[in-house]
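> Please read through the structure below; I'll follow up with questions.
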Amino acid sequence: LNNNYQRLVKKTKIKAIKKFITEQRGVFPTNIIISIETDKPIFKPTGAAINNIHHGTVTLPRKFQSLNIIDGQHRLFAYDGLDQGFKDLIYIVAFERMELEEQIKTFIDINEKQTKVSPSLLWDLYPTILEKDDIKYRISTLVKRLNEQKESSLHGLISYDSAPYSNKLPKLTLESVCTAIKTEKIIEDINNVNREFTYVP
């Protein structure tokens with residue numbers, strides 16, 4: 001049995017998450033999943049139980065391998081050294097001494113069987129959730145206009161959930177067009193041309 005089921009920690013991924021936390025003030029709605037391996041966790045309840053649910057504080061001993069991180073290690077490690085680590089609420093689901101086979105099964109269930117969000121759906125949502133000066137907002141808005149305007153050669157040819165119109169010809173996905181524009185830095189090139197030819201009296 002391979003006991004090392006976790007992925008290797010990627011510094012680039014941790015760096016990206018740190019940036020998400022500090023610059024975008026991102027909050028993670030998904031829980032970090034752990035297994036408490038020590039037999040000496042200390043639980044101090046605060047107040048009486050409500051509907052058989054006890055609120056309180058769990059304290060673990062300062063001991064190596066007192067817990068295993070089943071899922072969410074990059075999210076957790078990203079808080080290391082950040083002030084937000086003392087301010088943000090980090091949601092955790094903890095099991096007591098979960099069998100290793102069950103830990104592996106849980107890890108696989110989370111990372112293999114869950115349904116991922118379509119990249120085209122994300123591009124479709126960016127104008128709703130991002131600021132107007134964000135590059136993804138601008139690209140998504142541009143591509144949607146190309147799909148909606150009748151004089152556009154791409155009119156009705158781009159497929160996405162909120163598209164008001166489509167024709168029967170083969171479709172391009174919103175994600176493929178937006179990603180191509182982002183990769184080729186077309187928006188940035190347009191901005192540079194506009195600045196170069198801007199007349200300042």
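The values are calculated or read from the model by the stated rules, or taken from the named source; none is laboratory data. Predicted, not measured: the structure shown is a model, and the values here were computed from it. Don't worry about glycine lacking a Cβ; one is built from the backbone with ideal geometry, like all the others, and counts go over all protein chains shown. With ligands, DNA and RNA removed, areas are computed over all heavy atoms of the protein, side chains included. Shrake-Rupley method; radii C 1.70, N 1.55, O 1.52, S 1.80 Å.
> Out of the residues in the stretch 25-44 that are at pLDDT 85 or above and over 26 Å from Thr12 (Cβ atoms), state the one that is surrounded by the most Cβ atoms within 10 Å (Cβ to Cβ).
The extreme case among them is Ser35.
> Which of the residues that make up the stretch 78-94 are open to solvent by 80 Å² or more (accessible area, probe 1.4 Å) and of a type in the set (Phe, Trp, Tyr)?
Residues satisfying the conditions are Phe86, Tyr91.
> Given the residues Arg145, Arg195, which is the only one that is at pLDDT below 90 and open to solvent by 100 Å² or more (accessible area, probe 1.4 Å)? Spell out how you get there, then give the answer.
On the way: Arg145 fails: at pLDDT below 90.
Testing whether each residue is at pLDDT below 90 and open to solvent by 100 Å² or more (accessible area, probe 1.4 Å) leaves just Arg195.
> Restricting to the stretch 39-54, give me the number of residues that are hydroxyl-bearing (Ser, Thr, Tyr) and in contact with a Pro (Cβ under 6 Å, 6 or more places away or on another chain).
So the count comes out to 0.
> Okay, moving on. Kindly provide the set of residues from the stretch 96-138 that are open to solvent by 80 Å² or more (accessible area, probe 1.4 Å) and of a type in the set (Lys, Arg), ordered by number.
Passing the criteria: Arg97, Lys105, Lys113, Lys116, Lys132, Arg138.
> Can you tell me which residues in the stretch 43-89 are among the hydroxyl-bearing types (Ser, Thr, Tyr) and either assigned to a strand (DSSP E or B) or touching a Gly at 6+ places or on another chain (Cβ under 6 Å) (or both)?
Correct list: Thr46, Thr57, Thr59, Tyr79.
> Could you please let me know if Lys11 is at pLDDT 85 or above and open to solvent by 100 Å² or more (accessible area, probe 1.4 Å)? Show your work before the answer.
On the way: at pLDDT 85 or above: no; open to solvent by 100 Å² or more (accessible area, probe 1.4 Å): yes.
Considered against the rule, which asks whether it is at pLDDT 85 or above and open to solvent by 100 Å² or more (accessible area, probe 1.4 Å), Lys11 comes out as no.
> Could you give me the residue pairs with C-beta distances under 7 Å whose first residue belongs to the stretch 60-73 and is under 17 Å from Phe43 (Cα atoms) and in contact (Cβ under 8 Å) with a residue 24 or more places away in the chain, whose second residue is open to solvent by less than 100 Å² (accessible area, probe 1.4 Å) and of a type in the set (Gly, Ala, Ser) wherever it lies, and which are 6+ apart or on separate chains?
Leu60/Ser66; Leu67/Ser35
> Suppose we filter the stretch 68-117 for residues that are of a type in the set (Gly, Ala, Ser), in contact with a Ser or Thr (Cβ under 9 Å, 6 or more places away or on another chain) and on the phi < 0 side of the Ramachandran plot; how many remain? Explain how you work it out, then say what you get.
Of all residues in the stretch 68-117, those of a type in the set (Gly, Ala, Ser) come to 72, 78, 81, 85, 94.
Of the ones still in play, those that are also in contact with a Ser or Thr (Cβ under 9 Å, 6 or more places away or on another chain) are 72, 94.
If we keep only those that are on the phi < 0 side of the Ramachandran plot as well, we get 94.
Qualifying residue count, the stretch 68-117: 1.
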